[in-house]
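Trainee: Can you read through this structure? Questions will come right after.
The values are calculated or read from the model by the stated rules, or taken from the named source; none is laboratory data. Source: prediction; values computed, not measured. For neighbour counting, all protein chains shown are included, and Cβ atoms are generated from backbone atoms with ideal geometry for every residue, glycine included.
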Amino acid sequence: MIIIGPIIAAFVSICGAIGSACATIGSALAVAITQLKPIIDLIIKAIPLIVQILQMLAPNEVEPKEVETGELAAKAEVCKDDIKPENYDSYSEYIHAVRDCVENDPVKKAEVEEKMKGWSENDTKAYILVSAGMVGELTAEKLGTDYIDPAFIAKANSIGLSAEKTISLIQGLDKLGVNTTEVNKYFDGCSKGADFEKTDKAIKTVIGDIDPSVKTEEQKIAALNQMSEKIDADVKAIENQI
């Protein structure tokens, strides 16, 4: 399986992807979109789950279509010279400022609309990815946890977890000192030594919490194997479409 957690986390970091150093989000992610197609398509597939989680935690802060279409990232890019995340005390305040920047300026609003009309398929994916990354930051802020990697939500979606159970999983892991990037490494097969043992123990503990029917060590191992199989099957299905 492709190792993607830290890579996607870096690409969708708003400070990195919407900085003055890159002309557009599309150009910044052009290579990644091609090289990491399977997991990127899995994240795109998981957008409905990402939106459901967002609506549960921050129902009035972002419109679902702003994530589903990549519009949120387009707004951030258009306003990047005036609205920077480091100038705000919270991601919630930053996103509000980005949205207000466009909604209160007819010129910027028209610029966003024109920009979106000219997107290629890969451009659209890139902007959706960054929008998902922004929502990941906002969701983590609402939960009081570390950054939530969209690739983790993609895995939760492949497994078939509901928004409620995904939130419970994130919170349970966070209480045990394990973040979503570490879980990505675990399922990608690149978690080793003490990190693997810590993550393995945490996931088994939380599985028991979100599914009371999973009690014994054997049941937890079987549940983990089933999760891995579902993730692998989803990745292979997308690879077969390439």
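Trainee: I'd like to check something: does the stretch 143-150 contain any residue that is modelled with pLDDT under 90, crowded, with 22+ Cβ neighbours inside 10 Å and part of a helix (DSSP H, G or I)?
Mentor: There is at least one residue in the stretch 143-150 that is modelled with pLDDT under 90, crowded, with 22+ Cβ neighbours inside 10 Å and part of a helix (DSSP H, G or I).
Trainee: For the stretch 24-139, which fully contained helices (runs of 4 or more DSSP H) count at least 3 residues that are modelled with pLDDT of 90 or more and under 15 Å from the mean Cα position of the chain (by Cα)?
Mentor: By residue number, 47-57, 64-68.
Trainee: At least 1 residues that are polar (S, T, N, Q), in contact with a Gly (Cβ under 9 Å, 6 or more places away or on another chain) and at pLDDT 90 or above in each: list the helices (runs of 4 or more DSSP H) lying fully within the stretch 160-217 that qualify.
Mentor: Filter on the stretch 160-217 gives 163-175, 193-210.
Trainee: Here is a follow-up. Among the listed residues ALA163, ALA132, ALA156, ALA151, which satisfies the condition of being among the aliphatic types (A, V, I, L, M), under 30 Å from GLU71 (Cα atoms), in contact with a Pro (Cβ under 7 Å, 6 or more places away or on another chain) and touching a residue at least 24 places away in the same chain (Cβ under 8 Å)? Please lay out each step first, then the result.
Mentor: Working: ALA163 fails: in contact with a Pro (Cβ under 7 Å, 6 or more places away or on another chain); ALA156 fails: in contact with a Pro (Cβ under 7 Å, 6 or more places away or on another chain); ALA151 fails: in contact with a Pro (Cβ under 7 Å, 6 or more places away or on another chain).
Only one candidate qualifies: ALA132.
Trainee: List pairs: first in the stretch 219-235 and within 14 Å of PHE152 (Cα to Cα), second among the polar types (S, T, N, Q) and assigned to a helix (DSSP H, G or I), Cβ under 6 Å, 6+ apart or cross-chain?
Mentor: LYS230/SER158; ILE231/SER158; ASP234/SER158
Trainee: Another one. Cβ-Cβ under 7 Å, sequence separation 6+ or interchain: first residue in the stretch 176-193 and over 24 Å from LYS236 (Cα atoms), partner in a helix (DSSP H, G or I). Which pairs?
Mentor: Final answer for the pair search is LEU176/ALA202; LEU176/THR205; VAL178/LYS198; VAL178/THR199; VAL178/ALA202.
Trainee: Considering the stretch 206-217 alone, what residues qualify as being surrounded by 14 or more Cβ atoms within 10 Å (Cβ to Cβ) and either more than 24 Å from the chain's Cα centre (by Cα) or at positive phi (or both)?
Mentor: GLY208, VAL214
Trainee: Residue check: is ILE203 of a type outside the set (D, E, K, R), more than 25 Å from ILE40 (Cα to Cα) and either loosely packed, with under 15 Cβ neighbours inside 10 Å or without any contact (Cβ under 8 Å) to a residue 60 or more places away in the chain (or both)? Before the answer, list the steps.
Mentor: Details: of a type outside the set (D, E, K, R): yes; more than 25 Å from ILE40 (Cα to Cα): no; either loosely packed, with under 15 Cβ neighbours inside 10 Å or without any contact (Cβ under 8 Å) to a residue 60 or more places away in the chain (or both): yes.
It is false that ILE203 is of a type outside the set (D, E, K, R), more than 25 Å from ILE40 (Cα to Cα) and either loosely packed, with under 15 Cβ neighbours inside 10 Å or without any contact (Cβ under 8 Å) to a residue 60 or more places away in the chain (or both).
Trainee: Just to be sure before I move on: is GLN241 farther than 19 Å from LEU49 by Cα, in a loop (DSSP other than H, G, I, E, B) and not basic (Lys, Arg) in the structure I sent?
Mentor: Judged against the criteria, GLN241 is a match.
Trainee: I've got another one for you. Which numbered condition in (1) surrounded by fewer than 19 Cβ atoms within 10 Å (Cβ to Cβ); (2) in contact with a helix residue (DSSP H, G or I) (Cβ under 7 Å, 6 or more places away or on another chain) is the only one that SER120 fails?
Mentor: The one condition SER120 does not meet is (2).
Trainee: While we're looking at this one, here's another question. Could you please find all residues in the stretch 77-97 being surrounded by fewer than 17 Cβ atoms within 10 Å (Cβ to Cβ) and aromatic (Phe, Trp, Tyr)?
Mentor: Listed by number, the list holds a single entry, TYR88.
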